[in-house]
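**Student:** Structure in C-alpha cells, see below.
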Amino acid sequence: AVVSTQSGHYGRGGTISIKSAAATLTVREISSPPETTNVAKGGEAKFTCKTSGDSAALITFHKTSSDESVGTVVVTEATSGDIVTTTGILTIAGVTAADHGIEYYCKAAWGENGVESGNVFLSVLDITSSTETVWGLAGYVAEFKCYSDALLKANANGDPYLVNKQKTYADAQISWEFFDTSDTSWKSTASNSRFVVKTTMRSDDGVSLSPMSLKNLEEGDNDLKVRCNIAYQTDAANNFYGGTVTSGELTMKIASITSFTSSKSDPLVGETITLTCTATGETAPTFSFTTRGKNHFDTTFFKLVKAATVTSVDSVHTAEYTTETLRVNAMRDGQVVNCLADYGSAQKTEKELTVTTYFNCADVTWKSLNPGIASLLILDHRTF
C-alpha cells in the first residue's frame, strides 16, 4: 500500500489540508515456479506452476529448445482478499526414453504482459541394459543381470539431485518372470525354486544391478525366456513419479557339443581320418581330443597328422583333428575317442565315439595249404 499526505497554506488567513486515499500495489508474478522432475519410463510426469496477482493468469508451458507450447494445462484458481492465485499443472503421460533431457519453462500472462520461469529438466529413469542372451552348460548355473537408473538427476548435465547435500536415489522393488511355454504365459520366478533372485547392488554412479540365477541347468532350458521388472516407488517430496519398467526378453542358451564324427569309423591300418567336433557357445570353447582312460591322445594306435584347427560361424564352433591309424584295434572292440569342450570357469562338456581299425587285407601275403587247390588259402600270420 502507498499512502501520501500533503499540507500547506492556501489563501489569506486560512489553512487547507489534503490527504489522498490509500493505494494498494499488487505484484503479478510466478510465485512458485516448476521444478526439475524425475519419472520412471512409461509413467506420468507433472510440472506445476503457480502465479499470484490481482487477477487470474493465463498459464502455458513451453519447450526451451523451440518455445512451442506443449500439452494441455489444467488450471485452478483461488482468491484470498485481493490476491488471486492461479495454479497450472502440465501432465506428460506415457513418458518415453525420448523425453529424457527435454527442458521446459512456464509462462504466465495477464493480457499483453507476462513473465516466464527458469528452465526445468525432465529426467527419465529406465532399465539401462541387461544380459539379452545368457549361455550356460547343462548341470551348471547361469546368471541374468538387469541394470537400471537409481539416481535422481537435477539437470541436463546429469548432476545429482541433492537433499541436504546428499544424493537422492529412487526406491524400487525388483521382480523377475519366466515365460511358461506350456500355457504361453509369464509367471513369477518365485513359483520355481530353480530361480534365485539375488540382492540388488548400487554403484557409486547410481546404477543398480539386479541379478537372478538359474541353477541346475537342463538341455530343455535352451531358448527359455525371462524378464525383469523395476517397480519405481513415487517420492512426492523429491518430485519423483514412479511406475513399473519391464525389460525386453532375456534368452537362455545351453551350450553343448552338438556332434562328434569321424570321417571314417572303420578305417584300415595306415589310413588318415579326420575327427570333427562341433559345439555351440557364446565364444569358442577350448577343444581337446583324448582317448578313453588317458588325458591325451594315445599314440599307440594313432599318429598325429594335423593338430586341431577351430573355425567359428556366429555361435557354432567346429574343431578338426587329423590322425593316421597305426595298429589294428578291432580285437579290442575299437578305440573310444573323446572330444572335450572347455568353456572356462570349470565348465566343461564332452562327447565320445569309437574308431575301429582293421587289417588292410590287400597288403597281406596269402599262402595255399595245398598248392594244387588254389581256392584253399590260409593267412600267413607272419605277415601281421
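The values are calculated or read from the model by the stated rules, or taken from the named source; none is laboratory data. In this text the structure is predicted, and so the values were computed from the model without any measurement. Backbone-built Cβ (ideal geometry, glycine too); neighbour counts: all protein chains shown. Accessible surface areas use protein heavy atoms only, side chains included; no ligands, DNA or RNA. Shrake-Rupley method; radii C 1.70, N 1.55, O 1.52, S 1.80 Å.
**Student:** Evaluate the stretch 158-165: report whether one residue or more is under 18 Å from Ile230 (Cβ atoms), open to solvent by less than 70 Å² (accessible area, probe 1.4 Å) and either touching a residue at least 24 places away in the same chain (Cβ under 8 Å) or among the hydrophobic types (A, V, I, L, M, F, W, C) (or both).
**Tutor:** Within the stretch 158-165, the subset under 18 Å from Ile230 (Cβ atoms) is none.
Among the residues of the stretch 158-165, not one is under 18 Å from Ile230 (Cβ atoms), open to solvent by less than 70 Å² (accessible area, probe 1.4 Å) and either touching a residue at least 24 places away in the same chain (Cβ under 8 Å) or among the hydrophobic types (A, V, I, L, M, F, W, C) (or both), which makes the answer no.
**Student:** Then there's this: Pick from the stretch 286-318 the residues that are in a strand (DSSP E or B) and within 22 Å of Asp266 (Cβ to Cβ): which of them is most open to solvent (accessible area, probe 1.4 Å)? Give the derivation first.
**Tutor:** Keep residues of the stretch 286-318 that are in a strand (DSSP E or B), which gives 286-291, 302-313, 316-318.
So of that shortlist, the ones also within 22 Å of Asp266 (Cβ to Cβ) come out as 289-291, 302-306.
Working: Phe289: 16, Thr290: 25, Thr291: 1, Phe302: 3, Lys303: 98, Leu304: 94, Val305: 79, Lys306: 113 Å².
The extreme case among them is Lys306.
**Student:** Residues of the stretch 193-217 being surrounded by 13 or more Cβ atoms within 10 Å (Cβ to Cβ) and over 28 Å from Val95 (Cα atoms), which ones?
**Tutor:** Narrowing the stretch 193-217 to residues surrounded by 13 or more Cβ atoms within 10 Å (Cβ to Cβ): 194-198, 200, 202, 206-215, 217.
Scanning the stretch 193-217 gives Arg194, Phe195, Val196, Val197, Lys198, Ser213, Leu214, Lys215, Leu217.
**Student:** Between a residue in the stretch 234-249 that is at positive phi and any residue that is of a type in the set (D, E, K, R), which pairs come within a Cβ distance under 8 Å, given they are 6 or more apart or on different chains?
**Tutor:** The qualifying pairs are Asn239/Glu35; Gly243/Lys41; Gly243/Glu44.
**Student:** Sticking with this one: Considering only the stretch 338-356, I want to know if a residue exists there that is under 49 Å from the mean Cα position of the chain (by Cα), surrounded by fewer than 19 Cβ atoms within 10 Å (Cβ to Cβ), modelled with pLDDT under 90 and part of a loop (DSSP other than H, G, I, E, B).
**Tutor:** Yes: one or more hits.
**Student:** With the requirement that a residue be open to solvent by 60 Å² or more (accessible area, probe 1.4 Å) and either of a type in the set (A, V, I, L, M, F, W, C) or touching a helix residue (DSSP H, G or I) at 6+ places or on another chain (Cβ under 7 Å) (or both), what does the stretch 26-55 give you?
**Tutor:** Residues satisfying the conditions are Val27, Lys41.
**Student:** Pick out the one residue from Ser32, Ser123 that is at pLDDT 95 or above and touching a His at 6+ places or on another chain (Cβ under 8 Å).
**Tutor:** On the way: Ser32 fails: touching a His at 6+ places or on another chain (Cβ under 8 Å).
Answer to the check: Ser123.
**Student:** Another question, then. Contact list please: Cβ distance under 6 Å, first residue in the stretch 192-213 and in contact (Cβ under 8 Å) with a residue 40 or more places away in the chain and closer than 13 Å to Tyr147 by Cα, second residue open to solvent by 90 Å² or more (accessible area, probe 1.4 Å) and not charged (D, E, K, R), pairs at least six apart or on different chains.
**Tutor:** Final answer for the pair search is Leu209/Met201.
**Student:** Next up: Considering each of Thr274, Thr278 in turn, give the residue that is within 25 Å of Ser345 (Cα to Cα), hydroxyl-bearing (Ser, Thr, Tyr) and open to solvent by less than 80 Å² (accessible area, probe 1.4 Å). It would help to see each step written out before you state the result.
**Tutor:** Numbers: Thr274 fails: within 25 Å of Ser345 (Cα to Cα).
Exactly one residue qualifies, and that residue is Thr278.
So that you can scan it fast, the table gives a plain yes or no per residue for (1) under 21 Å from Asn38 (Cα atoms); (2) at pLDDT 95 or above; (3) in contact with a Phe, Trp or Tyr (Cβ under 9 Å, 6 or more places away or on another chain):
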residue: Val226; (1), (2), (3): no, yes, yes
residue: Thr246; (1), (2), (3): yes, yes, no
residue: Thr251; (1), (2), (3): no, yes, no
residue: Ile254; (1), (2), (3): no, yes, yes
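**Student:** Which pairs have Cβ atoms under 8 Å, sit 6 or more apart or on different chains, and link a residue in the stretch 86-109 that is in contact (Cβ under 8 Å) with a residue 12 or more places away in the chain to one that is assigned to a helix (DSSP H, G or I)?
**Tutor:** The qualifying pairs are Ile92/Asp99.
**Student:** Do we find that Thr184 is over 24 Å from Tyr104 (Cβ atoms), free of Cβ contacts under 8 Å to residues at least 60 places away in the same chain and open to solvent by less than 70 Å² (accessible area, probe 1.4 Å) in this structure?
**Tutor:** On the way: over 24 Å from Tyr104 (Cβ atoms): yes; free of Cβ contacts under 8 Å to residues at least 60 places away in the same chain: yes; open to solvent by less than 70 Å² (accessible area, probe 1.4 Å): no.
The answer is no for Thr184.
**Student:** Do the conditions hold for Phe240, that is, is it more than 23 Å from Ala40 (Cα to Cα) and of a type in the set (Phe, Trp, Tyr)? It would help to see each step written out before you state the result.
**Tutor:** Details: more than 23 Å from Ala40 (Cα to Cα): no; of a type in the set (Phe, Trp, Tyr): yes.
When the stated conditions are applied, Phe240 does not pass them.
**Student:** While we're looking at this one, here's another question. Give the stretch 166-181 a look and list any residue that's part of a strand (DSSP E or B) and without any contact (Cβ under 8 Å) to a residue 12 or more places away in the chain, or say none.
**Tutor:** Step one: filter the stretch 166-181 for residues part of a strand (DSSP E or B), giving 166-167, 169, 172-180.
Correct list: Gln166, Asp180.
**Student:** Same structure, new question: Does Val226 qualify as being open to solvent by 20 Å² or more (accessible area, probe 1.4 Å), of a type in the set (A, V, I, L, M) and over 30 Å from Leu122 (Cα atoms)?
**Tutor:** Numbers: open to solvent by 20 Å² or more (accessible area, probe 1.4 Å): no; of a type in the set (A, V, I, L, M): yes; over 30 Å from Leu122 (Cα atoms): yes.
No: the conditions fail for Val226.
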